[in-house]
Amino acid sequence: MKTIKFKFEDLQVYQKALDFTDSTYAITKNFPNAERYALTSQFIRASISIALNIAEGTGDTNAQFNRFLQIAIGSVKECVVCTTIAKRQDYISIEQEKELREKLEELSKMITSLQKHLKTITKD
């Protein structure tokens with residue numbers, strides 16, 4: 001049986017976004033049940049949004065792709081806030097906070113680099 005693969009699945013930034021989503025699911029499993037429809041839900045939705053927007057923008061015009069990447073950056077920022085709140089509420093450790101922030105910083109840099117690349121291509 002032939003494996004079907006979409007172009008965006010080859011993007012390293014997309015793969016990193018999926019890795020971050022996995023981390024978010026793993027960490028939020030330990031959040032209190034009272035947070036299920038609050039912080040847990042928001043954190044998971046924001047992390048998923050990063051990968052979704054990267055995927056959705058791929059294959060569109062560079063301007064449209066850039067718009068989706070900007071939305072993905074917004075979701076990265078949401079995840080930073082969720083991470084901060086989780087730490088302030090003692091739902092995660094200092095080490096977990098550091099790990100999440102490092103992953104978010106990497107995603108932010110990768111998305112920004114992709115945006116710069118798109119602008120370079122558009123100018124040519």
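The values are calculated or read from the model by the stated rules, or taken from the named source; none is laboratory data. Computed from a predicted model, the values in this text were never measured in an experiment. A quick note on method: Cβ atoms are made from the backbone with ideal geometry, for glycine too, and the neighbour counts reach across all protein chains shown.
Values as computed for the structure displayed
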item	result
Any hit, the range 82-98, residues being under 11 Å from the mean Cα position of the chain (by Cα) and part of a helix (DSSP H, G or I)	no
Residue within the range 54-70 that is crowded, with 17+ Cβ neighbours inside 10 Å, of a type in the set (Lys, Arg) and farther than 16 Å from Met110 by Cβ present	no
Any chance Phe6 is in contact (Cβ under 8 Å) with a residue 24 or more places away in the chain, surrounded by 18 or more Cβ atoms within 10 Å (Cβ to Cβ), more than 21 Å from Thr120 (Cα to Cα) and among the aromatic types (Phe, Trp, Tyr)	no
Index of the failed condition, Val76 passing every other in (1) part of a helix (DSSP H, G or I); (2) closer than 13 Å to Ile27 by Cβ	(2)
Any chance Ala51 is in a helix (DSSP H, G or I) and modelled with pLDDT under 95	no
